[in-house]
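Visitor: Can you read through this structure? Questions will come right after.
The values are calculated or read from the model by the stated rules, or taken from the named source; none is laboratory data. None of the values given here were measured: they were computed from a predicted structure. Please note: Cβ atoms are built from the backbone with ideal geometry, for glycine as well, and neighbour counts cover all protein chains shown. What goes into the accessible areas is simple: the full protein's heavy atoms, side chains included, and nothing from ligands, DNA or RNA. Shrake-Rupley method; radii C 1.70, N 1.55, O 1.52, S 1.80 Å.
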Amino acid sequence: MTDLKQNTASLKSQARLKKRYRKERLFKAIGLSGLLSGLLALTIMMISILSTGLSGFSETRIKFDIYMDPEIIGSTDGYDETEYRDHIAQINHSTLIRNSLKIKFSDVKGRRDVFNLQKLVSSGSREEVRRLLIEDKNLIGKTIAMDLLASSNVDMYVKGQISRDVNQSERKISDRQLAWLDILESEGRILKGFNWKFFSTGDSREPELAGILGAAMGSFLTLLVTLLIAFPIGVASALYLEEFAPHNKWTDLIEININNLAAVPSIIFGLLGLAIFLNVFNMPRSAPLVGGLTLALMTLPTIIISSRAAIRAVPPSIRDAAIGMGASNLQAQFHHVLPLSMPGIMTGTIIGMAQALGETAPLLMIGMVAFIVDVPQGVLDAATALPVQIFLWADSPERGFMEKTSAAIIVLLVFLIMMNGLAIWVRHKFEKRW
Amino acid sequence: MDKTTVQELIQPTIKARNVDVYYGETHALMGIDLDIAPKTVTALIGPSGCGKSTFLRCINRMNDTIPSCRMTGKITLDGEDIYSKNIDVVQLRAKVGMVFQKANPFPKSIYDNVAYGPRIHGLAADDKDLDEIVFSSLQRSGLWNEVKDRLDKSGTALSGGQQQRLCIARTIAVNPEVILMDEPCSALDPIATAIIEELIADLKERFTIVIVTHSMQQAARLSQKTAFFHLGKILEFGDTSEIFTNPRVEKTKDYITGRYG
Amino acid sequence: MGRKKAVLSVNGKIRDLHSLPGHYGWFTALTSFLPGLFIVLVWIIFGSNLVDNFTLAALGDEIRSLSNFDRALYMNDIHNLAIGDAISRPLTNSLNNATNFYLRTQNNLLWIFTLSAIGVSSLLAIFSFRKISPELRSRNLVERLIIIMLVISSSIAILITIGIVSSLIVETLRFLEHVSLSEFLLGLKWSPQTALRADQVGSSGSFGAIPLFTGTLLITFIALLVAVPVGLFSAIYMTEFASPNARIFFKPLLELLAGIPTVVYGFFAALVVAPVIRNSGEVIGLEIASESALAAGLVMGIMIIPLISSLSDDVISSVPQSLRDASYGLGATKTETIVNVILPSALPGIVSAFLLAASRAIGETMIVVMAAGMAANLTANPLEAVTTVTVQILALLTGDQEFDSAKTLSAFALGLALFTITLFLNFIALKLVRKYQEQYD
């Protein structure tokens, strides 16, 4: 009797148990799928950026024989070095190139066709011809084989971004130009190489000429200002709040304040920068100084919070030991506590800097969004920053800028990964366990 | 164990043979053999860190939740190896309940605390049935009269002793065979302790109880059998009266008389 | 120049005093250097304004009677002329004179400040130098000074908040002179196209912010719809199911999402997600705007996944082990333990994670700027283009604007609204977390 009852009970509980385990598996699967979908999003994003961006690091060049026509260049007899350079800077390089291209494709007649032919090479190739002439005046009158930078559209076509199957009216490159390119291709005149310009020049209206050095320099100067302002102030306030501050309403207020500031949207800091630094203090617009100040206000809470944690992690016995030897409280802090908590402070600072490096909105507000070709030399020059450059390029309609945008993103991410890697390294290398 | 008593003729509920437990590199238990008789109170005593809690947690496989923990050897419950593949942990723990050192009521109502186990195991056919289980469990743990008017109040709002009794009620609501108690009174005041000790003495009528305790008096008052653990080994095991009056091992004597511990 | 000289003079002093024990040296250096530094700071911050004001005062009534905007242009020309840049008007005698006066004033003031900085510094240096004697407790004085500096540093956080609040409120009040509060908060139409100058046509725009608020809410809602389940379940999986090794592998990967700059998400939304959504809409015959709320919301959701997962991870891990033990001890499965014990206990913390995530989504700018568009549609349809508070702030203030117009001032009113909302959400979230922590401490 008892047995029977127990049996049915256990049969029932067996069935129940099965159901409970099914639920368990289901729940676990849901959890895992949540995690995986997050990672999937990351992967898709990385793949889409890498796949569009990697080609941005290469450029296309076309080999042409350029005839340095003395008639166009004109007489340079008796010119000294400077006069020669000024003269070469003024000659019509465009005609030089056009005529040479016409020699290559002698069947091309008519203004439109010649214009389209010249469109194969970038407007930056004029600069290349000029530089060559300035370097060596003996080239005048000779025919030189030059690898001229291809225009963005040709570059896009060579990289497979423009398909020849599309109707002519819908693509940026005409059938005629394609025919020329086919000839050049068959003669092995189309070359691909690493795009050094991308790392050595500033912005440009032409995608094939645009580089990130200006923006990177702007970011560097901005971050420098940020670091110089936010680091000392951040560490000082952390030290005060953690070690000296009495526990009263005022320090409570500061504490709540810092926690809340850490979550204030970045664009609000942009508004602050605009209203205070630009309109009240009349600081120059678009300058890394103002950008750095604004970002410093933004990173300050991050640095304070992580520095406080690092200082708190130093055991009180160290302090007691120093004070017990007759050191003043301040000496104990500066000689013992601060050095010991430095790795933690550094880690927090680097992470704060990485955040600042990726920040865009506040910089847009204070005008670091202008089109600036020159590489900034100081904190008062007009500049952009890397993320702003990405924003500007992403907004550009030219197709060629898409790969440049992705390439710039790759560079930015590499910087960020390096900074975070450094933070992790510092933490592991110097971290002490008490 | 050379003295044969009636109790030992009964088939033991729990049999541990050659149990070794490691936490990572630490060898916590070494070659434990122990038989636990049904419907008795078995006390595990010994100095801190001697492995008695570890052994207790082996009996309902709570150690499974600690990733670095490894166990070898064999523990059987009613003749079944509890570490074999076809034993289900969840069922095992329903059979072998546990009361912890620090009272740990869920941050839910008193009613929900007790009803939690029956609900997940599907022990109640309907709401009335569940009410009945909650009532009888609270009754048996002696808490009913104190909480009957505030069953919907949070379990964490009770006093320490009441919380611990709530935990016991919660455990017996599942109707286990064995109840493991890990120093259930160590965080309580003497009055609350006395109430719980009384409760344990009552519970012995229906459940097999294994209790870890630091208090010699408690072990002596409550248990029929006592095992003395030292540095991961059982130095002595036998009838409580025997161990406390006439210990065979010097160390046991030292510990019981309070010379160290 | 003035700064350099002041620094130099004090630097010299430091070196002079170096033979004395360090603290005396520091004492002299600090007491003399700090006031000098203060004067230099005043010059840096207010100098250019001072020069401008002097120049304006010296200019004829003709210039002073001009409108704010024209006067600013005129001053700008003076500035440009002074540094030899191009100017916007023909070079006249009066302009030339003004510029010369400007340069002279600048020079004079620079000298005054430099001299006073040096003077004050050296006076104080002499004073403190004379004060130095074996009895002087210079260490205590120096330390008090340092502590005062620490206090000032820590008060900067407060200053920032005051700066934010006051600048936002001042500009908002100026905005409210042009537009009534009720129109701003309750108006249904947003088109801030005021003309640059009052005499142009169509000078009044409409400043009803409701479409912006609904747009912001719509995108935030979509983002939370994505991020809450994904983030929460990831956190549950990682804390309760994943092996320690898997955790070490997955956690940084997920947190990588948090380290990606928002402009990258914006790019991803605009150039990858939005076209995909539009194309898939075409396949099933739906018309979807190329800048849809859906694309922006989805990508913003991805962005806040790590925020929710890491915060939830923290609160779930801080549920005491004893509660888990109790549940397992009763024979509960993992799932039952999570659903019945862990999640209810961690609920306040998880809710606060949601609030912080919402506040983050509301304040996010770049994704919506790049993917959500400018059209202030009053709609709940995620397939249409909407605009948000942050997008409008940015749009109103980028480019050269007259600072006093209702158009630019409205950006500050929007900023104040944004600040208030996010502050409120953060405040509640922090309160909840604190309460939760107290419960288990």
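Visitor: Can you list the GluC sites (Glu not before Pro) in the range C:264-302 that are in a DSSP coil and have 14 or fewer other beta carbons within 10 angstrom?
Guide: C:Glu287
Visitor: Rounded if a/c is under 1.5, else prolate if a/b beats b/c, else oblate: with a ≥ b ≥ c from the C-alpha gyration tensor eigenvalues square-rooted, which is the range A:123-228? Spell out each step's value before the answer.
Guide: Numbers: a/c = 3.06, a/b = 1.34, b/c = 2.28.
Oblate.
Visitor: Now, a different point. By how many nm would the segment from A:Ser169 to A:Met418 grow when fully extended, if each residue of separation counts as 0.36 nm and the alpha-carbon distance is taken off?
Guide: 85.1 nm
Visitor: Separate question: Using Cα positions and a limit of under 20 Å, work out the lysines in reach of C:Lys189, with same-chain residues fewer than 8 apart set aside.
Guide: Answer for C:Lys189, where 20 Å is the Cα cut-off: C:Lys407, listed by chain and number.
Visitor: For peptide A:254-263, compute the average count of partner chain beta-carbon atoms within 10 Å of each residue's beta-carbon. Don't jump to the answer; show the numbers that get you there.
Guide: Numbers: counts 7, 2, 4, 8, 5, 7, 7, 7, 2, 12.
Across the residues of A:254-263, the mean count of other-chain Cβ atoms within 10 Å is 6.
Visitor: May I pose another question? What are the extents of the Cα atoms of chain A along their three principal axes, in Å, largest first?
Guide: 105, 81, 40 Å, listed from the longest principal axis down.
Visitor: Still on this structure: For q = 0.05, 0.06, 0.10 Å⁻¹, what log10 I(q)/I(0) does the protein assembly as shown give under the Debye formula with an equal point scatterer on each alpha carbon and no solvent?
Guide: Log-scaled intensity ratios, in q order: -0.51, -0.70, -1.33.
Visitor: Accessible area, 1.4 Å probe, largest first: how do A:Arg130, A:Arg205, A:Arg189 sort?
Guide: My answer, sorted largest first, is A:Arg205, A:Arg130, A:Arg189.
Visitor: Also: What is the extension gain from A:Ala145 to A:Asn282, computed as 0.36 nm multiplied by their sequence separation minus the C-alpha to C-alpha distance, in nm to one decimal? If you can, show how the numbers build up before the last one.
Guide: Working: separation 137, 0.36 × 137 = 49.32 nm, distance 5.33 nm.
Residue separation times 0.36 nm, minus the Cα-Cα distance, leaves 44.0 nm.
Visitor: Hey, which lysines would be in cross-link range of A:Lys249, C-alpha to C-alpha under 29 Å, not counting anything within fewer than 8 residues on its own chain?
Guide: C:Lys431, C:Lys435
Visitor: By per-residue mean of other Cβ atoms within 10 Å, what is the highest-first order of B:39-45, C:364-370?
Guide: C:364-370, B:39-45
Visitor: Quick one: compute a quarter of the convex hull surface over the Cα atoms of the range B:6-256 and quote it in nm².
Guide: 13.8 nm²
Visitor: At a Förster radius of 51 Å, what calculated FRET efficiency corresponds to the Cβ-Cβ distance of A:Gln331 and C:Val170, to the nearest 0.05?
Guide: Working: r = 44 Å, r/R0 = 0.87.
Efficiency at R0 = 51 Å is approximately 0.70.
Visitor: Turning to a different aspect of this structure: Less than 15 Å Cβ to Cβ from A:Glu255, Lys/Arg counted +1 and Asp/Glu -1: what total charge do the surrounding residues give?
Guide: Local charge sum for A:Glu255: +2.
Visitor: A follow-up question, please. Please work out whether the range C:224-270 counts as rounded, prolate or oblate from its C-alpha gyration tensor, where a ≥ b ≥ c are the square roots of the eigenvalues and a/c under 1.5 means rounded, while otherwise a/b larger than b/c means prolate and anything else oblate?
Guide: Oblate is the answer for the range C:224-270, as a/c is 1.5 or above yet b/c matches or exceeds a/b.
Visitor: Which links in B:Lys85/B:Lys225; A:Lys18/B:Lys128; A:Lys23/C:Lys251; B:Lys39/B:Lys225; B:Lys15/B:Lys204; A:Lys23/B:Lys74 stretch past 21 Å when you go from one Cα to the other?
Guide: Beyond 21 Å: B:Lys85/B:Lys225; A:Lys18/B:Lys128; A:Lys23/C:Lys251; A:Lys23/B:Lys74.
Visitor: Can you tell me how the range C:206-440 classifies by the Cα gyration tensor, rounded, prolate or oblate, using a/c under 1.5 as the rounded cut?
Guide: prolate
Visitor: Please list, or write none, the aspartates and glutamates whose alpha carbon is within less than 20 Å of the alpha carbon of A:Lys102, excluding same-chain residues fewer than 8 places away.
Guide: Within the straight-line cut-off, A:Lys102 pairs with A:Asp65, A:Asp69, A:Glu71, A:Asp113, A:Glu127, A:Glu128, A:Asp147, A:Asp175, A:Asp182, A:Glu185, A:Glu187.
Visitor: Using a Förster radius of 41 Å, what is the FRET efficiency between C:Ile112 and A:Thr251 based on their Cβ-Cβ separation? Nearest 0.05, please.
Guide: Values: r = 40 Å, r/R0 = 0.98.
E between C:Ile112 and A:Thr251, to the nearest 0.05, is 0.55.
Visitor: Just list whichever of A:Lys109/A:Lys192; A:Lys172/A:Lys197; A:Lys63/A:Lys159; B:Lys108/C:Lys334; A:Lys63/A:Lys119 have alpha carbons separated by over 20 Å in the model shown. Kindly include the intermediate steps, with their values, before the conclusion.
Guide: On the way: A:Lys109/A:Lys192 29 Å; A:Lys172/A:Lys197 24 Å; A:Lys63/A:Lys159 17 Å; B:Lys108/C:Lys334 18 Å; A:Lys63/A:Lys119 15 Å.
Table pairs above 20 Å Cα-Cα are A:Lys109/A:Lys192; A:Lys172/A:Lys197.
Visitor: In vacuo Debye scattering of the range A:60-195, one point per C-alpha: log10 I(q)/I(0) at q = 0.17 Å⁻¹?
Guide: Log-scaled intensity ratios, in q order: -0.91.
Visitor: Then there's this: Please give the charge dipole size of the range A:213-430, origin at the Cα centre, charges +1 on K and R Cβ atoms and -1 on D and E Cβ atoms. Round to the nearest 20 debye. Numbers along the way, then the final one.
Guide: On the way: 9 positive and 11 negative charges, 62 e Å.
For the range A:213-430, the charge dipole is close to 300 debye.
Visitor: Compute, for B:His230, the solvent-accessible surface of its heavy atoms (probe 1.4 Å) with the complete set of protein chains present, and express it in square angstrom to the nearest 10.
Guide: Surface open to solvent at B:His230 totals about 30 Å².
Visitor: Compute the distance in nm between two label points, each set 7 Å from the Cα along the Cα-to-Cβ direction, one at C:Asn93 and one at C:Leu181.
Guide: 5.5 nm
Visitor: For the pair C:Ile148/C:Ala380, report the inter-label distance in nm, with labels modelled 7 Å from Cα in the Cβ direction.
Guide: 6.1 nm
Visitor: While we're on this one: Once you place label points 7 Å from the Cα toward the Cβ at C:Phe249 and B:Asp152, how far apart are they in nm?
Guide: So the label points at C:Phe249 and B:Asp152 sit 4.9 nm apart.
Visitor: Using a Förster radius of 22 Å, what is the FRET efficiency between B:Asp33 and B:Ser84 based on their Cβ-Cβ separation? Nearest 0.05, please.
Guide: 0.75
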